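Data block below; observations after.
The values are calculated or read from the model by the stated rules, or taken from the named source; none is laboratory data. No experiment lies behind these values; they were computed from the predicted model shown. Using ideal geometry, Cβ is built from the backbone for each residue, glycine included, and neighbour counts are taken over all protein chains shown. These accessible areas exclude ligands, DNA and RNA; they are computed on the full protein's heavy atoms, side chains included. Shrake-Rupley method; radii C 1.70, N 1.55, O 1.52, S 1.80 Å.
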Amino acid sequence: MLEQLLIFTRGGLILWTCKELGNALKGSPIDTLIRSCLLEERSGTASYNYDAPSASYTLKWTFHNDLGLVFVAVYQRILHLLYVDELLAMVKHEFSQIYDPKRVEYFDFDETFRQLRKEAEARAEELRKVKPVGKGVNDGRKLVMKKGSGFGGGNKKNKSEANEGGNGDDGKGRKLENGHSNGNHNAVVVEGNRGMGLANGKEKASSNNEAFDVTKLQKLKSKGGKKTSDTSVVSKGSNVDPKRKVTKKNRVWDDSPKDAKLDFTDHVEENGNENIEVVAADQGESMMDKEEIVSSDSEDEEDEEVSKGSKPDAKKKGWFSSMFQSIAGKANLEKADLEPALKALKDRFMTKNVAEEIAEKLCESVAASLEGKKLSSFTRISSTVQAAMEEALVRILTPRRSIDILRDVHAAKEQRKPYVVVFVGVNGVGKSTNLAKVAYWLLQHKVSVMMAACDTFRSGAVEQLRTHARRLQIPIFEKGYEKDPAVVAKEAIQEATRNGSDVVLVDTAGRMQDNEPLMRALSKLIYLNNPDLVLFVGEALVGNDAVDQLSKFNQKLGDLSTSPNPRLIDGILLTKFDTIDDKVGAALSMVYISGSPVMFVGCGQSYTDLKKLNVKAIVKTLLK
């Protein structure tokens, strides 16, 4: 049964709802649809599933882009209503006939909707009655094909069964594989007990082959044993003095200076404070506090690129028709008109390292927002698509909530508790290094910071963090290795509360998204300590793997948590951004798949090389 159908404008004004249905929806499925799909450029998908505490809904929608209207139908997910798509199309057509921008109420549409609903339900009922009959006929054809394909050898299903090498238990008959030991190259279907016998014979033959391989292996082993004994004699003879330890000496060149000490780390005992002050002074101001200026290229270059991309279409249509269309304007944009421009954009995104799945969804969403829209005069389709895509990219990459960490730190300070940030991510992405960069930036804003060494798994992780803490002159809480990271983080937060530290930066071990024991430990750490911010540290170098990493991290954190409302990833720290040139697509893939903003961008190896994400620069690079 249909739960609700409503019509509203893109501005959010509800024009009409079906009072006849009158069902009060549990939860807020419409608001969630707008927030999670329509505003996130996921409107290209066919439907959206919403789970309420006591009900599960499926929402389907369609747009009238020329009038700026949205039509949404809501029904129980378990029902699988077949007529919803057709009903939405009929409602869209009828309502567009009576729509007036000055009107707000449409009470006269109730009767029209009642008739449309009856028609749609009647058609769905007819289809339901016709479908089982057709299914029976198809099944009969399949049975005939199965029986008659024994000597024809043309049935693909039997070929696949033969290639799988079944054991012949079902008695209907199996095929022998091509190139079997008996020399047959044509598959033969055998029925009844004969098929079972041949199948068993095949199993025996395969077991004999395995036995032959084993004996062969034993012979090789025996031969190898003799050879090794001979070689052992030679080696014994060659070793003159087995007790003497051979050490490799460094090559000494004629003009080389004397060996110098290669340990350049600052030691606390030998004027460590002076060295640290010099290092801190040399680093300068963090790039987080500097505004990045984006150089705007001329529009002529963009026009040239667009014209290059649209040359084949111009040849097909002819110059006169294309000129007339640009002057007069196209009546309504259709999907076929948008496909060439969208395909060019998709290919461009993929060359910029955007995941293929994300590029395809974005193009589908832009197509859904432009389909049926009237093209204005002196406007090309390619430029219209590019403008719509640019608007969509800016909307996706712009954070929907405040990402001002300094304000949140001061708010936590007023409550007399430390602000806790947990850094998570896969192996080798630079969590510890970028944690030190964040600590340096916070120190510049007069915020007291403490590090928590909760990577108790990787050798050298505690020493690495200790070196950063010594250089930055900030305290570090550590318990060594092979300890429970959740307990270490809890004790670190308690220590920070006693000492009055403003921020606790928790370093965790790198883990792959498929490693369930380590993901369970991370989920426990987040559940036990309830941090203020969970930062996912990811490389800007990844392409399709960015989608897999973030989606599985969020999935595991949700599935393995014991809390009814599990904490997921709150923000993204993008590392190695200085190594990718114009391949900036990982930022878009990560934000799109998780819905979390990029809060920091690592762009170098010094403490100052941390900056904010420049949305305009990213969008411009993606569309360039």
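Per residue, how much accessible area does the stretch 389-503 show when a 1.4 Å probe rolls over the protein heavy atoms, in square angstrom?
Here the residues of the stretch 389-503 average 46 Å² of exposed surface.
Give a quick list of trypsin sites (Lys or Arg not before Pro) in the stretch 492-546 that DSSP marks as loop, anything other than H, G, I, E or B, with at most 10 other Cβ atoms within 10 Å.
Counting only loop positions with at most 10 other Cβ atoms within 10 Å, none of the trypsin sites (Lys or Arg not before Pro) in the stretch 492-546 qualifies.
What is the log10 of I(q)/I(0) for the stretch 366-491, computed with the Debye formula using one identical point scatterer on each Cα and no solvent, at q = 0.19, 0.22 Å⁻¹?
-1.11, -1.35
Leaving ligands, DNA and RNA out of it, work out the accessible area of Ile405 with a 1.4 Å probe and give it in Å² to the nearest 10.
About 10 Å², ignoring ligands and nucleic acids.
Could you pull out which residues in the stretch 339-360 have an amide N less than 18 Å from a spot 7 Å beyond the Cα of Lys583, following the Cα-Cβ vector?
Correct set: 347-359.
With every protein chain present, what accessible area does His445 have (1.4 Å probe, heavy atoms only), rounded to the nearest 10 Å²?
Its accessible surface works out to 60 Å², give or take rounding.
Given 0.36 nm per residue, what is the gain on full extension from Asp51 to Glu20 after removing their alpha carbon distance, in nm?
Gain on stretching Asp51 to Glu20: 8.8 nm.
At q = 0.13, 0.17, 0.20 Å⁻¹, what log₁₀ I(q)/I(0) does a Debye calculation on the Cα points of the stretch 1-140 give, no solvent, two decimals?
For the stretch 1-140, the Cα-only Debye profile gives -0.61, -0.98, -1.29.
If you keep only loop residues by DSSP, which chymotrypsin sites (Phe, Trp or Tyr not before Pro) in the stretch 481-556 have at most 14 other Cβ atoms within 10 Å of their Cβ?
Tyr481
Which of the pairs Lys446/Lys616; Lys446/Lys490; Lys352/Lys616 have their Cα atoms more than 27 Å apart in this structure?
Lys446/Lys616
Given a 1.4 Å probe and the protein chains all in place, what does the accessible area of Asp31 round to, in Å² to the nearest 10?
My reading of the accessible area for Asp31 is about 90 Å².
Tell me, what does the Kirkwood hydrodynamic radius of the stretch 461-569 come to in angstroms if you use every pair of distinct C-alpha atoms?
It works out to 15.3 Å.
Take the stretch 573-624, drop everything but the C-alpha atoms, weight them equally and run the Debye formula without solvent; then report log10 I(q)/I(0) at 0.20, 0.25 Å⁻¹ to two decimals.
Treating every Cα as an identical point scatterer, log10 I(q)/I(0) equals -0.69, -1.05.
How many angstrom lie between the Cα centre of the stretch 57-120 and the Cα centre of the stretch 32-55?
Cα centres, the stretch 57-120 to the stretch 32-55: 17 Å.
Using a 1.4 Å probe and counting only protein heavy atoms, arrange Ile403, Ile493 so the residue with the most accessible area comes first.
Ranking Ile403, Ile493 by accessible area, largest first, yields Ile403, Ile493.
With the full set of protein chains in place, find how many percent of the accessible area of the stretch 27-83 is carbon and sulfur; take the probe as 1.4 Å.
52
P(r) tail for the stretch 435-522, what percent of Cα pairs lie past 19 Å?
Above the 19 Å cut-off, the stretch 435-522 has 39 percent of its Cα pairs.
Within 10 Å, count the other beta carbons around each residue, average over each peptide in 413-419, 598-604, and list them highest first.
598-604, 413-419
Given Lys361/Lys620; Lys60/Lys552; Lys92/Lys346; Lys290/Lys576; Lys129/Lys335, which pairs have Cα atoms separated by over 22 Å?
Lys60/Lys552; Lys92/Lys346; Lys129/Lys335
Kindly give the semi-axes, whole Å and largest first, of the ellipsoid equivalent to the stretch 373-441, taking each as the square root of 5 times a Cα gyration tensor eigenvalue.
Whole-Å semi-axes of the equivalent ellipsoid: 42, 19, 9.
Apply the Karplus parameterisation 6.51 cos²θ - 1.76 cosθ + 1.60, with θ equal to phi minus 60°, to every residue of the stretch 50-65 and state each ³J(HN,Hα) to the nearest whole Hz, in sequence, with x for glycine and proline.
Each residue's phi maps through the Karplus curve to give 10, 9, 9, x, 10, 7, 10, 10, 10, 10, 10, 8, 8, 10, 10, 5 Hz.
Under a point spin-label approximation (7 Å from Cα along Cα-to-Cβ), what is the Tyr527-Arg123 distance to one decimal in nm?
Placing both labels 7 Å along Cα→Cβ, they lie 5.0 nm apart.
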